[in-house]
Structures are given as structure tokens and as C-alpha cells.
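Down below is the structure, laid out as C-alpha cells.
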Amino acid sequence: MQELRLLHLQGPRRGAVDCVQLHSGGTALIGRSELAVVAFADDTPRTVSRRHALLWLASDSPLSWHLFDLASTAGTRVNGQPVQMRVLTHGDEIMLGADGPLLRVELPH
């Protein structure tokens with residue numbers, strides 16, 4: 001089991017922290033869906049799609065966290081760059097939409 005923490009830097013959940021724990025090969029949904037692990041209220045501005053992005057803990061050696069945009073309406077950015085898929089590193093900043101919620105990735109050292 002590995003853990004990734006997401007600190008909400010801006011947006012409706014500013015100051016909150018989501019701890020995502022997955023086994024190798026596991027996934028976690030980000031979005032407004034009731035199935036989302038990193039969940040936003042349904043009345044969150046539409047920069048966040050119901051199924052916005054997916055976190056995946058790859059079974060590489062060493063294990064690595066990946067972020068996939070799920071063809072979201074407003075897109076996903078990591079460190080200001082639009083992405084479809086990105087391997088995450090400690091300190092990366094994920095933005096949902098062009099000016100939506102901003103989350104900082106915290107990985108154990």
C-alpha cells in the first residue's frame with residue numbers, strides 16, 4: 001500500500017488534504033462523481049468534471065503515481081502545462097481546468 005497526499009491550495013476545498021492509499025495497479029477517481037476518492041461537491045464550478053482525472057499507482061520498480069485526464073471538459077494541467085498523462089513527482093501542482101482547484105502532490109520521502 002502506497003500513499004499520495006493532495007493538499008488543496010485553491011478552490012472550494014482550500015486547506016483540505018486528501019490522502020489516497022492504493023495497492024500496486026490501483027486507481028482513484030478525481031471529480032464530482034459520487035464515486036470519486038478526491039471528491040468535489042456537485043455544485044463546484046464546472047471546471048471540475050464528474051469524472052475529471054484518474055490517479056493510478058503503476059507497478060513499475062520503483063512504484064510510480066500517474067495522473068490521467070479523462071477527457072474532462074476543462075482539461076487538466078500539471079505545473080501549468082496541459083496534460084493527458086503525467087508521472088507525478090513530489091511538489092507537482094495539479095490544476096483542474098484552466099483556473100479551477102489547485103492541488104499540490106506530496107509523496108513520502
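A short reminder: the numbers here are calculations on the coordinates, not readings from a lab. In this text the structure is predicted, and so the values were computed from the model without any measurement. FYI the Cβ positions are ideal-geometry reconstructions off the backbone, even for glycines, and counts take in every protein chain you see.
Determine, from the Cβ-Cβ distance of CYS19 and HIS66 and an R0 of 25 Å, the FRET efficiency 1/(1 + (r/R0)^6), rounded to the nearest 0.05.
0.90
Taking Cα extents along the principal axes in Å straight from the coordinates, which label in (i) 38, 35, 25; (ii) 38, 27, 26; (iii) 42, 36, 28 is the correct one?
Recomputing Cα extents along the principal axes in Å here picks out (ii).
Could you please rank LEU96, LEU29, LEU9, placing first whichever residue has the fewest other Cβ atoms within 10 Å of its Cβ?
LEU9, LEU29, LEU96
Calculate how many DSSP beta bridges within region 2-106 are antiparallel, expressed in % of all such bridges and rounded to the nearest 5.
95
Please list, by residue number, everything in region 82-109 whose backbone N is under 13 Å from a paramagnetic label point 7 Å out along Cα→Cβ of LEU7.
90-94, 103-108
If you average the sequence gap of Cα pairs under 8 Å that are 6 or more apart and divide by the length of the chain, what percent do you get for the contact order?
25
So for the chain, taking the charge dipole from beta-carbon charges (+1 Lys/Arg, -1 Asp/Glu), which of VAL87, LEU57, THR47 sits furthest toward the positive end?
Farthest towards the positive pole: THR47.
Roughly how many Å is it from the Cα centre of region 16-33 to that of region 37-66, as a whole number?
Computed from Cα coordinates, the inter-centre distance equals 6 Å.
Where nothing but the Cβ of Lys and Arg (+1) and of Asp and Glu (-1) is charged, how large is the charge dipole of region 2-106 around its Cα centre, in debye to the nearest 20?
It comes to approximately 180 debye.
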